[in-house]
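Here is the structure we will look at, set down as structure tokens.
The values are calculated or read from the model by the stated rules, or taken from the named source; none is laboratory data. These numbers come from a predicted model, not from an experiment. Here the Cβ positions follow ideal geometry from the backbone for every residue, glycine too, while neighbour counts run over all protein chains shown.
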Amino acid sequence: MVVNKKKSIPDIVTAGLPSVAIRVPRHPVFRSLLRRLDFPLAAPSANPFGYVSPTLASHVASTLGKRIPAILDGGPCELGIESTIIDLRDPDRPAIFRHGPISQCALSEALGGIDIDDHTAGKADNKAQAAPGLLTKHYSPTANVHLFEHNTCPTRLSEITHHTNEAVVFNRKPAFGPTSSHTFWLSEDGKAETVAHNLFELIQRLDQLNFKELYIELAENKGIGKAINDRLHRAAAK
């Protein structure tokens, strides 16, 4: 959550902004670490700026391994995509900065039914942002990302699956005929939670396999599907 900061919080933590983003993680390993510290912990994400978020310790090792002294491995990420971010700088007008596993509706109910605005539109500049993930282009692999609508196929499907450097990714295992080694899916049954859990892990893997063009199906745009589509649109931005 993003709140107005106190004077005791140094500007280096907030990039000079008058607000600060606070996270209260629920992972038992990280909560154990925080309990051992006698000071607040300020840290960036465990990936190069703008690149796909890591969901495994091996992802961190492959991108930052030579630049950091240690990696705390708590196992695979439980949910697969980043947390929801809510702007509480004005408590009377809360807003969503980033869609995530906790839906806008659930947050509204938790806040007594108050309306919550959607401020997730991307920003093209590289100035300091009040919260992570607000830039138009973000979560991007080395490969170029192209998107196609939910429950459809890319128009070049047969051509894509025969190109050595192109891959297509569906939400669920395709029902049509035999698939090629360039066809991938994020779930067996299309459940959005499973798609979210596997999304970044698969994109990381395809990048490591040196695919240059990724054609990825959008999710149904509701619930956690909004968060999935937010990440995909930013990954595909030019």
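Annotations for the structure displayed:
- Which listed residue, of 141, 132, is modelled with pLDDT of 90 or more, buried (at least 16 other Cβ atoms within 10 Å of the Cβ) and closer than 24 Å to residue 224 by Cβ: 141
- When 100, 80, 113, 133 are screened for being more than 19 Å from residue 51 (Cα to Cα) and not polar (S, T, N, Q), only 113 passes.
- Top-ranked residue of the stretch 27-67 - restricted to ones that are part of a loop (DSSP other than H, G, I, E, B) and more than 21 Å from the chain's Cα centre (by Cα), ranked as surrounded by the most Cβ atoms within 10 Å (Cβ to Cβ): 40
- Of everything listed in (1) touching a residue at least 24 places away in the same chain (Cβ under 8 Å); (2) touching a helix residue (DSSP H, G or I) at 6+ places or on another chain (Cβ under 7 Å), the single unmet condition for residue 114 is (1).
- Selection of first residues in the stretch 11-24 that are under 15 Å from residue 129 (Cβ atoms) and of second residues that are among the small types (Gly, Ala, Ser) and outside any loop (DSSP other than H, G, I, E, B), restricted to Cβ pairs under 9 Å at least 6 apart or on distinct chains, gives the following pairs, ordered by first then second residue: 14/21.
- Test: residue 92 is more than 30 Å from residue 144 (Cβ to Cβ) and out of contact with any Phe, Trp or Tyr (no Cβ under 6 Å at 6 or more places or on another chain): yes
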